[in-house]
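J.: Right, I'll just put the structure down here and ask away after.
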Amino acid sequence: MKKLVLRYHFFVLGCIGFLLNSCNSRFRVWVGNNRQQKIYNLKYGEHPRQKMDVFLPSEYPEDSPVVLIVHGGAWKYGRKEHMIQIQKMLFKNNIPSINMNYRLVSNSKQITYREQLEDISSVINKFNSLAGKADLRPDNYILLGESAGGHLALLYGYQHPDQIKKIISLSGPTDFYSKEYLDSFYSKYTSPTIQKVVGTKFNRTALSEEFKKASPIANIANVPTLLFQGNQDFLVNKKQGLALDSALTRQNIIHKLVFMENTGHAPRFFSKKKRDQIIYPNILEWIKK
């Protein structure tokens with residue numbers, strides 16, 4: 001492995017090259033006693049939302065995957081800072097990570113989930129160009145997403161198995177098109193949001209194929225997948241996680257479902273006990289196995 005001071009020097013020089021065109025960036029770098037690095041608000045595109053935080057611990061093997069974190073917020077809210085505790089946990093365990101913002105769904109600006117997937121691709125392309133300077137390999141990522149970010153992580157991961165080695169989804173929606181979804185009460189209150197996400201009218205009697213294209217369960221590829229699902233989740237019904245678990249089993253895809261009793265949506269926010277005793281240990285085990 002290269003000397004850490006050199007890795008820091010060349011990595012930051014590469015980062016600065018992406019910042020020269022921005023006078024509003026709050027880009028900053030923190031360096032720890034052991035040459036750990038935290039690079040905040042690194043631009044990966046021209047939109048104000050297209051920024052990422054890169055955390056590099058002091059020690060990691062060259063073949064270490066980079067965990068790319070995708071926040072939740074119903075596709076139209078949220079920001080990377082909501083995922084900072086997970087990024088800090090990864091940093092503490094010597095796992096390099098990226099925590100990204102992405103463009104939010106907007107009818108007026110014609111931003112759908114497709115543009116959000118493009119943002120994930122842009123982050124990966126930018127970091128690939130810097131990976132060598134950080135003693136890391138390109139196209140060696142684990143996607144970790146929460147809620148809407150879980151949906152994006154699943155969909156992008158299944159579409160790009162050459163780049164994504166594993167997926168971790170916390171309370172991520174998986175199915176926007178099946179008969180079970182269409183017949184459920186869950187679809188009655190989620191369909192207006194899903195219509196905006198897909199950018200196509202939600203016609204329950206003649207549903208467009210675009211909703212199938214947007215559903216991770218219809219796009220499964222051979223990417224090991226870790227799922228977290230609460231049995232009392234009102235925002236993402238438990239059948240979403242259970243359905244993907246069953247589909248992955250049928251296709252013999254390596255996966256694990258962590259099904260949590262007496263648990264609602266995105267329990268990381270609400271239960272320190274579940275976070276520290278269930279969620280974080282399972283995430284670390286999945287990354288390192």
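The values are calculated or read from the model by the stated rules, or taken from the named source; none is laboratory data. Because the structure is predicted, anything quoted here is derived from the model rather than measured. Because the Cβ atoms are built from the backbone with ideal geometry, glycine has one as well, and the counts that use them run over all protein chains shown. The area values use the complete protein model at the heavy-atom level, side chains included, leaving out ligands, DNA and RNA. Shrake-Rupley method; radii C 1.70, N 1.55, O 1.52, S 1.80 Å.
J.: When the residues of the stretch 201-232 are filtered to those that are open to solvent by 10 Å² or more (accessible area, probe 1.4 Å) and of a type in the set (Ser, Thr, Tyr), which remaining residue is modelled with the lowest pLDDT?
T.: We begin by selecting, within the stretch 201-232, every residue open to solvent by 10 Å² or more (accessible area, probe 1.4 Å); these are 201-210, 212-213, 217-222, 224, 231-232.
Restricting the remaining residues to those that are of a type in the set (Ser, Thr, Tyr) gives 205, 208.
Details: Thr205: 93, Ser208: 98.
Across the stretch 201-232, the extreme among qualifying residues is Thr205.
J.: Same structure, new question: Which one is farthest from Tyr60 (Cα to Cα), of the residues in the stretch 240-289 that are of a type in the set (Phe, Trp, Tyr) and under 19 Å from the mean Cα position of the chain (by Cα)?
T.: Going through the stretch 240-289, the residues of a type in the set (Phe, Trp, Tyr) turn out to be 259, 269-270, 280, 286.
So of that shortlist, the ones also under 19 Å from the mean Cα position of the chain (by Cα) come out as 269, 280, 286.
Numbers: Phe269: 28, Tyr280: 19, Trp286: 17 Å.
By that ranking, first place goes to Phe269.
J.: If you don't mind, another one. Among what's in the stretch 152-200 and is of a type in the set (Phe, Trp, Tyr) and farther than 27 Å from Leu68 by Cβ, pick the residue that is most open to solvent (accessible area, probe 1.4 Å).
T.: Of the stretch 152-200, the ones of a type in the set (Phe, Trp, Tyr) are 156, 158, 176-177, 181, 185-186, 189.
Add one more test, that the residue is farther than 27 Å from Leu68 by Cβ, and what stays is 181, 185-186, 189.
Values: Tyr181: 7, Phe185: 147, Tyr186: 20, Tyr189: 74 Å².
Among those residues, the one meeting the criterion is Phe185.
J.: From Leu90, Leu130, grab the single residue that is out of contact with any strand residue (DSSP E or B) (no Cβ under 7 Å at 6 or more places or on another chain), farther than 19 Å from Glu210 by Cβ, open to solvent by less than 10 Å² (accessible area, probe 1.4 Å) and not charged (D, E, K, R).
T.: Values: Leu90 fails: out of contact with any strand residue (DSSP E or B) (no Cβ under 7 Å at 6 or more places or on another chain).
Leu130 is the lone residue from the list that is out of contact with any strand residue (DSSP E or B) (no Cβ under 7 Å at 6 or more places or on another chain), farther than 19 Å from Glu210 by Cβ, open to solvent by less than 10 Å² (accessible area, probe 1.4 Å) and not charged (D, E, K, R).
J.: Would you check which residues across the stretch 233-249 are in a helix (DSSP H, G or I), open to solvent by 30 Å² or more (accessible area, probe 1.4 Å) and closer than 19 Å to Leu155 by Cβ and list them? So that I can check it myself, show each step before the final result.
T.: Residues of the stretch 233-249 in a helix (DSSP H, G or I): 238-249.
Then drop every residue that is not open to solvent by 30 Å² or more (accessible area, probe 1.4 Å), which leaves 238-239, 242, 245-246, 249.
Result: Lys239, Leu242, Asp245, Ser246.
J.: Another question, if that's okay. Within the stretch 103-127, can you find the residues that are free of Cβ contacts under 8 Å to residues at least 40 places away in the same chain and either touching a strand residue (DSSP E or B) at 6+ places or on another chain (Cβ under 9 Å) or part of a strand (DSSP E or B) (or both)?
T.: Residues satisfying the conditions are Ser106, Ile111.
J.: Can you give me the number of residues within the stretch 133-151 that are in a helix (DSSP H, G or I) and open to solvent by less than 20 Å² (accessible area, probe 1.4 Å)? Explain how you work it out, then say what you get.
T.: Step one: list which residues in the stretch 133-151 are in a helix (DSSP H, G or I), which gives 133-134, 148-151.
Retained after the next criterion (residues that are open to solvent by less than 20 Å² (accessible area, probe 1.4 Å)): 134, 148-151.
Total satisfying the criteria: 5.
J.: Hey, another quick one. From the residues in the stretch 253-274 that are in contact with a strand residue (DSSP E or B) (Cβ under 7 Å, 6 or more places away or on another chain) and among the small types (Gly, Ala, Ser), which one is modelled with the lowest pLDDT?
T.: Within the stretch 253-274, the subset in contact with a strand residue (DSSP E or B) (Cβ under 7 Å, 6 or more places away or on another chain) is 253, 255-260, 263-268, 274.
So of that shortlist, the ones also among the small types (Gly, Ala, Ser) come out as 264, 266.
Details: Gly264: 92, Ala266: 83.
Once the filter is applied, the top-ranked residue is Ala266.
Conditions tested, residue by residue: (1) surrounded by 15 or more Cβ atoms within 10 Å (Cβ to Cβ); (2) in a helix (DSSP H, G or I); (3) touching a Ser or Thr at 6+ places or on another chain (Cβ under 8 Å); (4) of a type outside the set (Ser, Thr, Tyr).
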| residue | (1), (2), (3), (4) |
| --- | --- |
| Val258 | yes, no, no, yes |
| Asn262 | no, no, no, yes |
| His265 | yes, no, yes, yes |
| Arg268 | yes, yes, no, yes |
| Ile278 | yes, yes, no, yes |
| Asn282 | yes, yes, no, yes |
| Glu285 | no, yes, no, yes |
